[in-house]
Amino acid sequence: MLDRTVAQGKSFLTLRAEGADGADAANRLMRIVQRDRAADARFDAALPGRPKVKLTTSDFGAEAFEDDAQ
């Protein structure tokens, strides 16, 4: 969660490294996490019985590139 965007397009860790108030940044991050969890709960309630799927990084596939690009 610490690398989630919190404010100004920056993560909690980046904000802290730049000298931002830790309590303010932490409160912002917690509000974001709580809002996400509430949205997930509403989604789960709207689609009861939906199977829970755990995604891994391999589910997203690899970047496509050409080794012999000109």
Which of ALA39, ALA25, ALA17 fluctuates most in a GNM of the chain (C-alpha springs under 10 Å)? That residue is ALA17
At most 14 other Cβ atoms within 10 Å plus a DSSP loop assignment makes a site exposed; report the longest stretch of the chain without any exposed trypsin sites (Lys or Arg not before Pro).
5-51
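Sorting THR14, THR5 on the 10 Å Cβ count, fewest up front, what's the list? Write out the running numbers ahead of the final one.
Numbers: THR14 17, THR5 13.
By the 10 Å Cβ count, ascending, the order reads THR5, THR14.
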Treat every Asp and Glu Cβ in the chain as -1 and every Lys and Arg Cβ as +1, leave all other atoms uncharged, and give the resulting dipole magnitude about the Cα centre to the nearest 20 debye.
720
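Local charge sum around PHE43 (other residues, Cβ-Cβ under 11 Å, Lys/Arg +1, Asp/Glu -1)? Could you put the intermediate results ahead of the total?
On the way: positive: ARG37, ARG42, ARG50; negative: ASP36, ASP40, ASP44.
With Lys, Arg at +1 and Asp, Glu at -1, the net is 0.
Can you tell me what the convex hull of the Cα atoms of the chain projects to on average, as an area in nm²? Present the calculation step by step, with values, prior to reporting the outcome.
Working: hull surface 33.4 nm².
Approximately 8.3 nm², given one-decimal rounding.
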Out of GLY22, ALA45, VAL33, whose Cα points farthest toward the positive end of the dipole of the chain (charges: +1 Lys, Arg; -1 Asp, Glu; placed on Cβ)?
ALA45
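Here, each number is a calculation from the coordinates, and none is a lab measurement. Values in this document were obtained by computation on a predicted structure and should not be read as measured data. Glycine also receives a Cβ, built like all others from the backbone with ideal geometry; neighbour counts cover every protein chain displayed.
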